[in-house]
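What follows is one structure encoded as structure tokens, with my remarks underneath.
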Amino acid sequence: MSGNDELLPEQTEGFKVGEKKTIDEYHQMDANDESLKRYKESLGLGGGGKDLSDPSDPRHCIIQSLTMNTAGRDPVTINLTAPGALSTLKDHPFKIKEGAKFTMETKFKVQHQILSGLHYVQIVKRKGIRVSKDQEMLGSYAPNTDKSPEYTKRFAEEDAPSGMLARGHYNAVSTFVDDDHKTHLTFEWSFDIAKDW
């Protein structure tokens with residue numbers, strides 16, 4: 001398996017990626033089909049609003065931030081749009097108390113066309129050895145409008161590892177990739193598991 005393949009989501013057996021359609025094609029599809037109507041609403045195609053797509057920016061999905069939320073503590077947010085943010089992330093590790101429960105949350109924008117099957121994939125290594133691969137299905141989204149200028153998705157709750165052997169420095173590579181295996185963002189970051197905050 002190549003390094004790039006490692007960052008792709010694992011496909012569910014028997015799952016088939018649906019046929020890609022433009023927004024206009026979705027709008028013209030049979031409005032009498034109740035399940036299709038619900039699907040179009042889940043993509044945000046029924047709400048109207050002014051399309052916010054920037055014609056001078058070819059990106060399809062713009063990941064704006066990643067936030068770690070822990071009960072009783074202020075959220076820690078990585079602004080992924082700040083100049084130079086991606087190149088310095090791994091040099092400024094998160095500090096996580098061993099055994100703490102936390103959730104990650106991302107904010108992003110979609111433009112130009114429907115984004116199908118966005119996944120978040122995270123590889124964590126310690127001393128160069130892979131210790132985990134996690135993935136989260138974020139879903140499919142229509143381009144943002146002035147009525148819904150960005151999307152926010154909270155991931156499943158996680159437990160930080162605990163115990164003396166778990167403490168130490170970890171490196172992570174995170175990627176946002178869609179059903180077509182198009183990578184929208186990949187970045188390296190790091191965290192330290194410590195006895196206390």
Could you tell me which numbered condition Ile123 fails, if it satisfies all but one of (1) on the phi > 0 side of the Ramachandran plot; (2) touching a helix residue (DSSP H, G or I) at 6+ places or on another chain (Cβ under 9 Å)?
(1)
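So that you can scan it fast, the table gives a plain yes or no per residue for (1) under 19 Å from Val121 (Cβ atoms); (2) loosely packed, with under 12 Cβ neighbours inside 10 Å:
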| residue | (1), (2) |
| --- | --- |
| Pro143 | no, no |
| Ser148 | no, no |
| Ala156 | yes, yes |
| Ser162 | no, no |
| Ala194 | no, no |
| Trp197 | no, yes |
Residue check, Glu136 acidic (Asp, Glu), modelled with pLDDT of 95 or more and over 21 Å from Lys195 (Cα atoms)
no
Pairing a residue in region 68-79 that is farther than 19 Å from His92 by Cα with any residue that is modelled with pLDDT of 90 or more and surrounded by fewer than 14 Cβ atoms within 10 Å (Cβ to Cβ), where Cβ atoms lie under 8 Å and the two sit 6 or more apart in sequence or on different chains, gives Ala71/Lys101
Residues that are at pLDDT 95 or above, assigned to a strand (DSSP E or B) and under 22 Å from Lys90 (Cα atoms): does region 159-168 have at least one?
yes
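Do you know which residues across region 83-101 are aliphatic (A, V, I, L, M) and under 24 Å from His184 (Cβ atoms)? Even if it seems obvious, please write down each step before you answer.
Kept after step one, since they are aliphatic (A, V, I, L, M), are these residues of region 83-101: 85-86, 89, 96, 100.
Residues satisfying the conditions are Ala85, Leu86, Leu89.
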Go through (1) charged (D, E, K, R); (2) touching a helix residue (DSSP H, G or I) at 6+ places or on another chain (Cβ under 6 Å); (3) over 19 Å from Lys107 (Cα atoms) and name the single condition Glu188 misses.
(3)
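The values are calculated or read from the model by the stated rules, or taken from the named source; none is laboratory data. Being a predicted model, the structure only gives us computed values, none of them experimental. All Cβ positions, even for glycine, are placed from backbone atoms using ideal geometry, and neighbour counts span all protein chains on display.
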